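Single-structure report; data block below.
The values are calculated or read from the model by the stated rules, or taken from the named source; none is laboratory data. Nothing here was measured: the structure is a model prediction, and the numbers come from that model. As a convention, Cβ positions derive from the backbone with ideal geometry for all residues, glycine included, and neighbour counts pool all protein chains shown. The protein model used for the area step is the full one, side chains on, heavy atoms only, and it has no ligands, DNA or RNA in it. Shrake-Rupley method; radii C 1.70, N 1.55, O 1.52, S 1.80 Å.
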Amino acid sequence: MRIALCILTKNEKECVEVMFPRIPAPSTPNAGFDEIVVVDGGSTDGTVEYFTQRGVKVIGQSKRGRGEAFHLAFEQIKADAYIFFSPDGNEDPEDLPKFRKYLSEGADIVIASRMMKGARNEEDDQIFRWRKWANNAFNLMANIAFRKKGPFITDSINGYRAITKSATETLKLDASDYTIEYQMTMRAFKSGLKIAEFPTIEGNRIFGETQARSIPTGIRFLKAFYHELTH
């Protein structure tokens, strides 16, 4: 199984300078993947130059949106499976080798869960965990509405995940924004695909702020859920 690590970026140079050195080289024992490809959403801060200077292939997006980055990866990277990684500090590179195990055992989608036992969400040290609570609500909705078999999935929204090429062809994903992972999980439930999870320790963002504002993003998730419910 050939696995591609897809690093998603947009003006993340400060984060990349910290995180990329922690990512193992492809095809080494601790890697869990065979190549690295960056999908960049139009960086102007030197992120693209950072990778090109190190010989890492960069695919530039002509359309905005996280979902568009996924579609570009599926279209332009020849692989049997894809791991998606955001280098902002939330996702732990030490988890990368874990994905191959579950994919090799037949999982169609593998999610690094921030919600299951042994995991940590970045809001866990706060009194009010608004994003975590909202994520858990959307997750519960998806499990109740669409899960046909298999275990309860604890983190249907998290972007730190892997998916097989065959699963992408089955699911026919078309979301262009931050709802791409939620759509992926809901359609996997509906199609009866095998989803596996393992606990991850979510770190805090290193620099800058997330580009996904809470209320507009939440409205998009509601619309995505309603769309899957009615189609």
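Structural remarks
- Scanning segment 32-64 for residues that are out of contact with any strand residue (DSSP E or B) (no Cβ under 8 Å at 6 or more places or on another chain), closer than 25 Å to A81 by Cα and surrounded by 15 or more Cβ atoms within 10 Å (Cβ to Cβ) yields no hits at all.
- Once segment 168-186 is narrowed to residues that are of a type outside the set (D, E) and open to solvent by 30 Å² or more (accessible area, probe 1.4 Å), the residue that is farthest from L72 (Cα to Cα) is T170.
- Some residue of segment 166-176 being assigned to a helix (DSSP H, G or I), touching a helix residue (DSSP H, G or I) at 6+ places or on another chain (Cβ under 8 Å) and of a type in the set (A, V, I, L, M, F, W, C): yes
- Given (1) within 19 Å of L229 (Cβ to Cβ); (2) without any contact (Cβ under 8 Å) to a residue 60 or more places away in the chain; (3) open to solvent by less than 30 Å² (accessible area, probe 1.4 Å), index of the condition E123 fails: (1)
- Exclusive hit being under 20 Å from F99 (Cβ atoms) and modelled with pLDDT of 95 or more, set I59, I83: I83
- Note on segment 23-134: enclosed strands (runs of 3 or more DSSP E) holding 1 or more residues that are more than 15 Å from the chain's Cα centre (by Cα) are 35-40, 57-60.
- A Cβ distance below 7 Å, combined with a sequence gap of six or more or placement on separate chains, defines the contacts here; from segment 86-99, residues that are within 13 Å of E122 (Cβ to Cβ) reach residues that are open to solvent by less than 30 Å² (accessible area, probe 1.4 Å) and part of a helix (DSSP H, G or I) in the pairs D88/C15; G89/C15; G89/M19.
- On the stretch given as segment 170-207, residues that are more than 20 Å from D88 (Cβ to Cβ) and aromatic (F, W, Y) total 2.
- Options M115, M141: the member that is under 22 Å from L222 (Cα atoms), in contact with a Lys or Arg (Cβ under 9 Å, 6 or more places away or on another chain), surrounded by 11 or more Cβ atoms within 10 Å (Cβ to Cβ) and of a type in the set (A, V, I, L, M, F, W, C): M115
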